[in-house]
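Student: So that we are looking at the same thing, I have put the structure below in structure tokens.
The values are calculated or read from the model by the stated rules, or taken from the named source; none is laboratory data. The structure presented is a predicted model; accordingly, all values stated were derived computationally and were not measured. Note that we place each Cβ from the backbone using ideal geometry, even for glycine, and neighbour counts take in every protein chain shown.
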Amino acid sequence: MTSYKEKLNPVTTFIFDVDGVLTDGSVLLFNDEVVRTMNSRDGYALQFAAKIGYRILIITGGNSPAVEKRLLNLGVTEVCMKASDKLEVYESLKAKYNFEDEQVLYMGDDIPDYNVMQIVGVSTCPQNAAVEIKAMCDYQSPFAGGRHCARDVIEQTLRVQGKWFTNKAFEW
């Protein structure tokens, strides 16, 4: 049986959900606008991984131009919003970017992520994910959604691959 850490070796692509993963899942309503918060430690890890050549993809059921702008400014490769069928979106991204399932680390937190998480190389979730997701994933971060759980899995992957604490880490 392959251990979780061994599964990190071939990872070239990170895919994240937004609500409940990159945010804590809270939705604040402000003047008919939905407002979310994101963790700066997640932001650092996302931009660093992108800068050194990892593909970062987002698949979310939500639709927020502000979230999309923030993620693209961090170097995220593509943000797929309004994803009602995340497996269908995943398969289209796989064809577009020509990656294999075992090269993907996916972090999701709820039922819409389940089907994709079943087929990727490494399935991960935040500490406060749905019970069904926790039960099937390869790794459960000790951090809750929006509390640097994405940083946790990116950092672990880059450490395993010897790419985390390098000179490029100091170039913000």
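Student: Conditions first: (1) of a type outside the set (D, E); (2) in a helix (DSSP H, G or I); (3) out of contact with any Asp or Glu (no Cβ under 7 Å at 6 or more places or on another chain); (4) crowded, with 17+ Cβ neighbours inside 10 Å. K69 passes all but one, so which condition is the exception?
Tutor: It fails just one condition, (4).
Student: Of all residues in the range 81-93, which are of a type outside the set (A, V, I, L, M), on the phi < 0 side of the Ramachandran plot and surrounded by fewer than 19 Cβ atoms within 10 Å (Cβ to Cβ)?
Tutor: Within the range 81-93, S84, D85, E88, E91, S92 qualify.
Student: Do we find that Y114 is farther than 20 Å from E6 by Cα, surrounded by 15 or more Cβ atoms within 10 Å (Cβ to Cβ), among the hydroxyl-bearing types (S, T, Y) and in contact (Cβ under 8 Å) with a residue 40 or more places away in the chain in this structure? Step through it out loud before you land on a result.
Tutor: On the way: farther than 20 Å from E6 by Cα: yes; surrounded by 15 or more Cβ atoms within 10 Å (Cβ to Cβ): yes; among the hydroxyl-bearing types (S, T, Y): yes; in contact (Cβ under 8 Å) with a residue 40 or more places away in the chain: no.
No: the conditions fail for Y114.
Student: Are any of the residues in the range 85-106 assigned to a loop (DSSP other than H, G, I, E, B), at pLDDT 95 or above, in contact with a helix residue (DSSP H, G or I) (Cβ under 7 Å, 6 or more places away or on another chain) and more than 15 Å from L158 (Cα to Cα)?
Tutor: no
Student: Sort through T2, T37, T23 and tell me the only one that's surrounded by 14 or more Cβ atoms within 10 Å (Cβ to Cβ), among the polar types (S, T, N, Q), at negative phi and not in a helix (DSSP H, G or I).
Tutor: Working: T2 fails: surrounded by 14 or more Cβ atoms within 10 Å (Cβ to Cβ); T37 fails: surrounded by 14 or more Cβ atoms within 10 Å (Cβ to Cβ).
Of the residues listed, the single one that is surrounded by 14 or more Cβ atoms within 10 Å (Cβ to Cβ), among the polar types (S, T, N, Q), at negative phi and not in a helix (DSSP H, G or I) is T23.
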